[in-house]
Every structure is written in C-alpha cells, then in structure tokens.
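The values are calculated or read from the model by the stated rules, or taken from the named source; none is laboratory data. Because the structure is a prediction, the values reported are computed rather than measured. Neighbour counts run over all protein chains shown; Cβ positions are idealised from the backbone, glycine included. The area values use the complete protein model at the heavy-atom level, side chains included, leaving out ligands, DNA and RNA. Shrake-Rupley method; radii C 1.70, N 1.55, O 1.52, S 1.80 Å.
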Amino acid sequence: MTIRAIRIMGDPVLHSIAAPVDEITDEIRELVADMYETMDAAPGVGLAAPQVGVGLRIYVYTYEDDEGNPWRGEIINPELWMTPPSPGDPDPDDESEGCLSFPGERFPLRRSDEVRVTGIDLDGNSVDIRVDGWRARIMQHEFDHLDGILYIDRLGDGDWKTTQKIARKRGWGRPGAAWTPGIDALDA
Ligand code: ZN
C-alpha cells in the first residue's frame, strides 16, 4: 500500500464529474487500499478518489462515535438521498467542516441531517447506509467530491471570498497543487 499525494483545490480532477466504475479490477482494489492508507495518514474522516487524482466514483470513510464504535468502509458508484437541510445559518461550533483538498481550514456549512447512500463495496456486495449527524455530513461531503464539488463551493459569499484569498496566498488554485501526508508539513 502507498500513501498517495492529495490534490488541492484548483487541480482539474477535483472540479470534474467522476466516472462510474465499470469493473472491480486489481487496480481498483489497489486504489482503494491506498485511499484508506492515505486517509488514515492525513488523517481524515473521508477521502474520494478524485482527491488522489483518479476521476472515479469511489470514496472511503472512517468515523468513531462518542462511544468509540468504529464505522468504516468504501462505497463504489454511490447514489445519495437526503432530507432537506433545515433553514438558517450554520453554527460555527457544531457545523464546521474541513477538507483534505483545502487543508488546514474549517468553515461552517449547513448540511442535511439525514441521508441514505446505496452502492457497492469492493467485493461487489450492495451497500445501503442510513445515517444522520456527522456521518450524514461525511457522506454528503464525499459524495460531492464525485460531482466535482468542494465544500468551499457551497459556502456563503463572505467565507467563499476568504477561501479565495487563502488559496492565492498559498499558491493553490492551480493544476498540480498537492500535498502528501507524512511528507509535506501540512495538516488538515
Ligand atoms: Zn473533501
């Protein structure tokens, strides 16, 4: 397994719609193994294939609840349904999220509290997940990556402008921008 470089906002693969996986090959199995290793090294709670430069509809996730129960898996060719997000402004303390492709920053974003995700796992078995709270947030965030959407694209005008300033300052917002967990001194 290999830790892969994580693309940063501005790299075209992050802003493109990813293609469905036709067949689970050894190459796909290796990609998913590398994605788990890269996510854990970062560390992050989710990672989508476009973030490691592969435009395919796959993401991995990992999360531990307050009781320390692990929740972890991969989803290939997901479909997502959600309840409408409740109206109002997000709470910066409880509703801020970050992204390994915009590392080191967090911004508040209102998300739907409940989602259902279906798809298949690496063995080709069907997956049907119904979750709420932070798990639902992770699902929405990772699913967005497969449609070329970063969470910063969903922020209000003021925060969005702030992200553009940060990107300019750090030399992001261009093809090829990337960082590698464990190698680059950059954490999310
Ligand atoms: Zn992300």
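Please report, to one decimal in angstroms, the Kirkwood hydrodynamic radius of the stretch 19-96 built from all distinct Cα-Cα pairs.
Answer for the stretch 19-96: a Kirkwood hydrodynamic radius of 14.5 Å.
With n ≥ 4 as the cut-off for DSSP H runs, can you work out [θ] at 222 nm for the chain, using -39500 (n - 2.57) per run divided by the number of residues, rounded to the nearest 500?
Rounded to the nearest 500, the figure is -7500 deg cm²/dmol.
Hand me the GluC sites (Glu not before Pro) from the stretch 1-55 located in a DSSP loop with no more than 11 other Cβ atoms within 10 Å, in residue order please.
Taking the stretch 1-55 and a limit of 11 other Cβ atoms within 10 Å, the loop GluC sites (Glu not before Pro) found are GLU23.
Keeping the other protein chains in place, figure out the carbon and sulfur percent of the accessible area of the stretch 143-188, with a 1.4 Å probe.
That fraction is 49 percent.
Placing +1 on the Cβ of each Lys and Arg and -1 on the Cβ of each Asp and Glu in the stretch 14-167, which of MET35, GLY55, ILE120 has its Cα farthest towards the positive end of the resulting dipole?
GLY55
Ordered by residue, what ³J(HN,Hα) values in Hz, to whole numbers, does the stretch 115-124 give under the Karplus form 6.51 cos²θ - 1.76 cosθ + 1.60, where θ = phi - 60° and Gly and Pro are x?
Coupling constants for the stretch 115-124: 9, 10, 10, 10, x, 10, 9, 5, 8, x Hz.
With +1 on each Lys and Arg Cβ and -1 on each Asp and Glu Cβ, and nothing else charged, work out how big the dipole of the stretch 67-188 is about its Cα centre, in Debye to the nearest 20.
640
What are the principal axis extents of the Cα atoms in the chain, in Å, biggest first?
Here the spans come out as 43, 37, 32 Å, largest first.
Expressed as a rounded percentage, what relative contact order does the stretch 6-179 have, with Cα pairs under 8 Å and six or more residues apart?
29
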